[in-house]
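Let me give you the structure first, and then I'll get to my questions.
The values are calculated or read from the model by the stated rules, or taken from the named source; none is laboratory data. Owing to the predicted nature of the structure, the values given are computational and were not obtained by experimental measurement. Counting neighbours? That spans all protein chains shown, and the Cβs are built from the backbone with ideal geometry, glycine included. Please note that ligands, DNA and RNA were not included when accessible areas were found on the heavy atoms of the full protein model with its side chains. Shrake-Rupley method; radii C 1.70, N 1.55, O 1.52, S 1.80 Å.
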Amino acid sequence: MKKLYALLPFLGLLFIACEDDDTQVTPDPDPDPIVFTAGSADFSNYVAVGNSLTAGFSDNALFIAGQEASFPNMLASNFALVGGGSFGIPFMADNLGGATLQGNPVAGNRLILAFLPDGPAPVPVDGVGTTEISNKLAGPFNNMGVPGAKSYELLAPGYGSVAGVALGTANPYFARFSSSEAATVIGDAAAQNATFFTLWAGANDILLYATNGGSGVDQTGNLDPTTYGRNDITDPNVLAAALDGMLQALTANGADGAIANLPNVTDIPFFNAVPYNPVPLDEATAALLNGSYAAYNAGVEGALNFLVSQMQLTQDEADLEIARRTISFAAGDTNAVVLLDEDLTDLTGINPALINMRQSTPEDLLVLTSRTFIGSLANEADPTSINGVAIPLADQWVLTPEEQTAVETALAAYNQTIAGLATAYDLALVDANGLLAELNANGLPQTDGSVVTSTFATGGGFSLDGVHPAPRGYAILANAFIDAINEKYGSNLPGVEPLEFTGLYID
């Protein structure tokens with residue numbers, strides 16, 4: 001005990017010293033805030049050129065909230081941190097979407113999608129949009145994204161003509177804010193003398209073919225786009241010339257910029273939400289259908305073997321096509337649909353009843369819009385006229401493997417061109433293709449531990465049209481642009497937080 005008491009004075013001094021230290025120590029000051037810099041780029045006047053993906057199209061429509069959540073608007077908020085100026089947007093009149101021309105609804109100008117309380121699929125909301133195309137907006141506008149535009153249309157005079165909208169020769173979205181009846185999108189964009197630009201164009205040059213089930217024409221080899229149909233694949237040389245022409249205009253005053261490549265259509269929910277085998281059948285119905293298709297199956301086998309006898313096919317070729325074209329159903333919930341396939345051998349010269357029918361396989365991609373068409377009646381008075389079962393699905397409902405190959409071939413050529421142009425014009429290259437492939441394959445983890453995926457309606461990456469991103473998906477894309485820009489120009493822009501943007505506009 002004496003030893004303890006002897007130590008008390010020293011312990012007291014120690015406690016006093018510690019108390020003195022506590023009162024004298026002040027917390028370390030907060031670290032210096034990050035100073036954002038533009039690097040070698042000048043973001044003071046930013047212009048974005050592109051199509052619906054640039055405009056902020058979402059849920060099958062263009063509307064104010066979607067335009068506010070466009071990736072260029074997100075980029076502009078980052079650019080403002082390092083001297084970026086205001087960013088003008090040609091806003092629609094409401095959050096409904098849709099538009100009119102002289103009071104009449106404009107074809108192809110759509111209302112937003114929403115789920116009905118008891119509906120299996122989203123449908124356009126009720127109402128009429130209040131955006132009147134003839135009420136011209138005074139520009140210029142920094143967001144020059146024009147929904148529906150193909151690459152070569154962004155250079156087409158008269159594409160913003162109000163009079164041309166009724167004739168089908170002009171784009172209603174651009175007609176609202178074009179500088180004149182003869183204006184081009186790229187001309188109006190270049191006239192703003194941007195110091196920085198983004199260009200993301202060319203998706204519609206293959207997307208419209210794909211989303212319409214390959215019902216257009218692959219125009220590879222045709223260099224005259226005035227002869228193209230709306231749903232055709234653009235010749236890669238036509239796209240290359242269009243993108244090069246746009247870049248010449250945008251860089252004429254020395255502007256820097258970023259260009260993005262194009263995603264694969266197989267990575268979007270529009271082609272992944274409907275299984276190839278969605279038909280439920282009971283045993284009696286399956287037996288009835290098998291009896292109905294028995295004559296077709298036998299006729300196909302006979303006709304193909306006849307072609308073998310005429311040495312027009314080998315037996316192996318005939319056997320493969322017989323297996324492919326034999327239609328068979330079974331009781332259960334996973335029967336494949338019946339469809340038309342133009343790439344099958346044409347047997348109608350032997351027997352007009354042997355049309356090019358087969359059942360779908362896992363390699364076929366049924367489009368999102370087929371989900372409400374399959375199982376409907378082709379003739380309301382005939383309960384047996386079931387689309388996709390007794391009546392084969394037409395071309396526009398399915399993207400077949402051969403059609404997918406046409407899309408992938410064009411896409412590879414397009415993206416090779418885009419990469420080459422990024423190098424030639426010394427631009428930042430955004431790998432949107434790789435980003436959306438990763439989103440589809442594995443999802444993208446977020447800061448709260450959640451994962452954004454491409455799953456239709458619930459994944460958070462895409463809107464209800466299955467093609468265009470949801471605001472959260474656009475934020476992820478914006479960050480991809482920011483990353484590419486930072487790497488190219490030495491800036492340190494922070495990007496945006498995807499979780500601050502909704503995964504769907506619905507509750």
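Under a 5 Å amide H to amide H cut-off, with H placed in plane at 1.01 Å, what residues pair with Arg358 once short-range neighbours are removed?
So Arg358 has HN proximity to Leu339, Asp341.
May I ask for the distance between the Cα centers of segment 75-107 and segment 446-507, given as a whole number of Å?
19
Helix 236-250 versus the longest principal axis of the chain: what angle, 0 to 90°, nearest 10, using Cα atoms?
So the inclination is approximately 30 degrees.
While we're here: Got a sec? Charge dipole of the chain, +1 on Cβ for Lys and Arg, -1 for Asp and Glu; which of Leu340, Ala258, Thr384 is way out at the positive end?
Result: Ala258.
Same structure, new question: Taking the structure as given and computing semi-axes √(5λ) of the Cα gyration tensor in Å, which label from (i) 45, 27, 18; (ii) 45, 22, 21; (iii) 51, 33, 23 fits?
(iii)
Additional query: Across segment 382-388, in residue order, what do the Karplus-derived ³J(HN,Hα) couplings come to in whole Hz, using 6.51 cos²θ - 1.76 cosθ + 1.60 with θ = phi - 60° and x for Gly and Pro?
Per residue, the Karplus-derived 3J(HN,Hα) values read 10, x, 8, 7, 7, 5, x Hz.
Could you tell me whether segment 232-320 comes out rounded, prolate or oblate from its Cα gyration tensor? Rule is a ≥ b ≥ c as square roots of the eigenvalues, rounded for a/c under 1.5, then prolate if a/b exceeds b/c, otherwise oblate.
Oblate, since a/c reaches 1.5 and b/c is not below a/b.
Something else now. To the nearest 10 square angstrom, how much accessible area does Trp200 have with a 1.4 angstrom probe?
10
Just name one of Gln396, Ala41, Pro90: the one whose Cα is farthest towards the positive end of the charge dipole of the chain (beta-carbon charges, Lys/Arg +1, Asp/Glu -1).
Pro90
Between Ile233 and residues 5 or more places away or on another chain, which pairs have amide H atoms under 5 Å apart, with H built 1.01 Å from N, and which residues are they?
Val217, Asp218, Gln219
Got a number for carbon plus sulfur as a percent of the chain's accessible area, 1.4 Å probe?
57
Using the alpha-carbon atoms, what tilt in degrees (0 to 90, nearest 10) does helix 2-24 show relative to the longest principal axis of the chain?
The answer is roughly 70 degrees.
For segment 198-239, what does the alpha-carbon gyration tensor say about shape, rounded, prolate or oblate, given a ≥ b ≥ c as the root eigenvalues, a/c under 1.5 as rounded, and a/b over b/c as prolate?
Judged from the Cα gyration tensor, segment 198-239 comes out oblate (a/c at least 1.5, b/c at or above a/b).
Compute, for the chain, the length of the dipole vector about the Cα centre, with Cβ point charges of +1 (Lys, Arg) and -1 (Asp, Glu) only. Units Debye, rounded to 20.
Approximately 700 debye in magnitude.
At 1.4 Å probe size, with every protein chain present, just tell me what the per residue accessible area of the chain comes to in Å².
Per-residue accessible area for the chain comes out at 45 Å².
Which Cα, out of Phe141, Asn193, Ala175, lies furthest along the positive dipole direction of segment 54-194 (beta carbon charges, K/R +1, D/E -1)?
After comparing all options, I get Asn193.
List, in order, the whole-Hz ³J(HN,Hα) value for each residue of segment 482-488 obtained from phi through the Karplus relation with A = 6.51, B = -1.76, C = 1.60 and θ = phi - 60°; use x for Gly and Pro.
4, 4, 5, 5, 4, 5, 6
If you count the DSSP beta bridges with both ends in the chain, what percent of them are antiparallel, to the nearest 5?
Approximately 45 percent, going by the DSSP bridge assignments.
If packing is taken as the mean number of other Cβ atoms within 10 Å per residue, what is the order of 426-435, 140-149, 209-218, 296-305, highest first?
140-149, 209-218, 426-435, 296-305
Considering amide H positions built from the backbone, and no H for Pro or chain starts, which residues 5 or more places from Gly257, or on another chain, come under 5 Å of its amide H?
Phe197, Ala428
Also, quick follow-up: Once phi is turned into θ = phi - 60°, what whole-Hz ³J(HN,Hα) does the Karplus curve with 6.51, -1.76 and 1.60 give for every residue of segment 156-166, x standing for Gly and Pro?
Listing the rounded values in order: 7, x, x, 5, x, 7, 4, 5, x, 4, 5 Hz.
Got a number for the accessible area of Lys488? Probe 1.4 Å, square angstrom, nearest 10.
The value for Lys488 is about 80 Å².
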